[in-house]
Structures are given as structure tokens and as C-alpha cells.
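*Asks:* One structure, as C-alpha cells, below. Some questions next.
The values are calculated or read from the model by the stated rules, or taken from the named source; none is laboratory data. Keep in mind it's a predicted model, so treat the numbers as computed, not measured. Quick reminder, even Gly has a Cβ in these numbers, built from the backbone with ideal geometry, and neighbours come from all protein chains shown.
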Amino acid sequence: MVLHLKRLLVLTLLCLAPLAQADIQRLQTLHELRSEGFTAATYMLIDNNLFERVRDPSHRTTYNRSLANMTRLINQLGNPDDLAVLSNTFVLMIQELEALGDDEAHFSLSTVNRIMQAHGDFDRVAARHYAEAIPAANAPERLLTLHQQSLETSQILLLYQNNMFSSVGVYFLENQEGLFDMLDQSIVARALQLKSLYPEQSDALLRLEKQYNFIQPRLQDPLNNWVPSIAAFYLQRNVKTLNDLAREQVLGEA
């Protein structure tokens, strides 16, 4: 009888393990979906920045790749209607901007503003899905901390790009006085927390810290030292590393 119960328990655990892995994978996918949304919005702003007189075609390539990744990730999530509709709106508005002539697109700030509103709407719904997925995923603190550091790095980068668009609002966060400094302080403090949570990743985390410290003075003084592409290069590199570490964590939970 006891042996039978033990076997039953083992079978139950074996059946539950794939479900638990699916839940934590869903959480990771939702996080990566939000990351791709921020990347698309960031490079759309860089591509249409009034101070970038010569357009670098790689910016458009980057945001279109992120838009394609968003579609792929939404499909992986089962194509939830709310995310699919809002993502499609975001994509269609960017395509509307692309259809304008280069000179016209550069000065179509009303369209840029609507695109950023669409991104904000999308990210809020994606954030709700992420929050709802946390309990079922039973995600460890280490993973959630990586996600938050990645997210706030994406947010401070997009906020930085927004600075050159006085007529474009901030829709992905509640806009308040001192928002930039709050994000900056949070990122710096969490970098220390990650070192204690991931001592085995000390070299990678040190590189993240050095890269953030390098770009930080430029982020804090955008009007006098405006470097949109350089800021995106370094901070997107940090986001990628954080997301890669999170993906390894999720695989380790399997």
C-alpha cells in the first residue's frame, strides 16, 4: 500500500512538472514581449528624431524586427485577443508613418504621438498579463529581479528618447516629476541586489554596471550631450544580457 502511494506521488509530481515549467515559461515570454515593445518604440523614436538629419536604415530594421518578434511571442502565448489587437494597432500606426515621405515623416509628430499612445496601451495590458502570471509561475525572486532590472532599463532608455519630442507624451509610465531620477536610482540599487542574488554571474553583472555607468552621465544631461543611438546601443545590450540570464534561469527551473 505504501509503495503504491509512493508511486502515485511520483507520477503526480511528474505530471505537474511540465505544467509548472509552462507557467514560468509563459512569464518569461510575457516579459520578453514587453522588452520587444520597448525596443520597437525606442528605435521608432530614434528613426524619427528631428536632430538625426540623416536616417540610419538599421534603426528601421531594428524596430521592424522587434515588431515581428512581438507577433511571434503573442502567438506563443496563444494569441490572446487583447494583446493581439493592441499589437496590431501599434504595428499599423508605425506602417502609416513609414508610408509618409522622409521629410514629411520627420515632422509628423502627431503620428509619432499616437504611436507612443498605442505602445503605452499595449504595454499596460502586457504588464497586467505578466502580473496575473506570477502566482502560477511561482517564480523565484532571482528571476523577478532580473525581469524588473531589464524592464526599468528599457523604460529609462525610452524616456531618454522621448526627451527630444516636446510634443510627444510619456504613456508607458505615469509621468511625474523626478521620474527619470527615480528610475536611475532604482536601477543602480538593483544592480547591487543582483550581485548578491547571482554571485556566479559576477563578471556579466560587472559588465552591465560598467556599461550603465558609462552612459549614465549622458542620460542625465540629454540636451547638452544628445546621443540617442549610443544610449540605445549600450542599454539595449544590457537588456539583452539580462533577458539571456533570465532565460537561463527559466531553463534551470525545468
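*Asks:* Take the residues of segment 19-49 that are of a type in the set (S, T, N, Q) and part of a helix (DSSP H, G or I): which is surrounded by the fewest Cβ atoms within 10 Å (Cβ to Cβ)?
*Replies:* Gln21
*Asks:* What are the residues in segment 205-223 that are more than 20 Å from the chain's Cα centre (by Cα) and surrounded by 14 or more Cβ atoms within 10 Å (Cβ to Cβ), if any?
*Replies:* The answer is Arg218, Pro222.
*Asks:* Name the single residue, out of those in segment 135-160 being in contact (Cβ under 8 Å) with a residue 60 or more places away in the chain and among the β-branched types (Val, Ile, Thr), that is farthest from Val112 (Cα to Cα).
*Replies:* First pass over segment 135-160, keeping only residues in contact (Cβ under 8 Å) with a residue 60 or more places away in the chain: 136-140, 142-143, 146-147, 149-151, 153-158, 160.
The next check asks that each one be among the β-branched types (Val, Ile, Thr); those that pass are 153, 156.
Details: Thr153: 22, Ile156: 19 Å.
The residue in question is Thr153.
*Asks:* Further question: Hey, can you tell me all the residues within segment 161-213 that are of a type in the set (D, E, K, R) and either in contact (Cβ under 8 Å) with a residue 40 or more places away in the chain or assigned to a loop (DSSP other than H, G, I, E, B) (or both)?
*Replies:* Step one: of segment 161-213, the residues of a type in the set (D, E, K, R) are 174, 177, 181, 184, 190, 195, 200, 203, 207, 209-210.
If the condition is that a residue be of a type in the set (D, E, K, R) and either in contact (Cβ under 8 Å) with a residue 40 or more places away in the chain or assigned to a loop (DSSP other than H, G, I, E, B) (or both), then Glu174, Glu177, Arg190 are the ones that fit.
*Asks:* Can you tell me how many residues in segment 54-92 are farther than 22 Å from Gln236 by Cβ, over 18 Å from the mean Cα position of the chain (by Cα) and part of a helix (DSSP H, G or I)?
*Replies:* Of the residues in segment 54-92, 5 are farther than 22 Å from Gln236 by Cβ, over 18 Å from the mean Cα position of the chain (by Cα) and part of a helix (DSSP H, G or I).
*Asks:* Quick one: would you say Val227 is under 30 Å from Asp56 (Cβ atoms), surrounded by fewer than 17 Cβ atoms within 10 Å (Cβ to Cβ) and touching a helix residue (DSSP H, G or I) at 6+ places or on another chain (Cβ under 6 Å)?
*Replies:* Working: under 30 Å from Asp56 (Cβ atoms): yes; surrounded by fewer than 17 Cβ atoms within 10 Å (Cβ to Cβ): yes; touching a helix residue (DSSP H, G or I) at 6+ places or on another chain (Cβ under 6 Å): yes.
Yes: the conditions hold for Val227.
*Asks:* Can you report the number of residues in segment 224-253 which are more than 13 Å from the chain's Cα centre (by Cα), within 17 Å of Leu194 (Cα to Cα) and not hydrophobic (A, V, I, L, M, F, W, C)? Give the derivation first.
*Replies:* To start, the set of residues in segment 224-253 that are more than 13 Å from the chain's Cα centre (by Cα) comprises 224-231, 233-234, 245, 247-253.
So of that shortlist, the ones also within 17 Å of Leu194 (Cα to Cα) come out as 245, 247-250.
The next check asks that each one be not hydrophobic (A, V, I, L, M, F, W, C); those that pass are 247-249.
Residues flagged as more than 13 Å from the chain's Cα centre (by Cα), within 17 Å of Leu194 (Cα to Cα) and not hydrophobic (A, V, I, L, M, F, W, C) within segment 224-253 amount to 3.
*Asks:* Against the condition at pLDDT 95 or above, farther than 12 Å from Ser35 by Cβ and aliphatic (A, V, I, L, M), how does Leu144 come out, does it pass? Walk me through how you get there before you give the answer.
*Replies:* Working: at pLDDT 95 or above: yes; farther than 12 Å from Ser35 by Cβ: yes; aliphatic (A, V, I, L, M): yes.
So Leu144 fits the description; yes.
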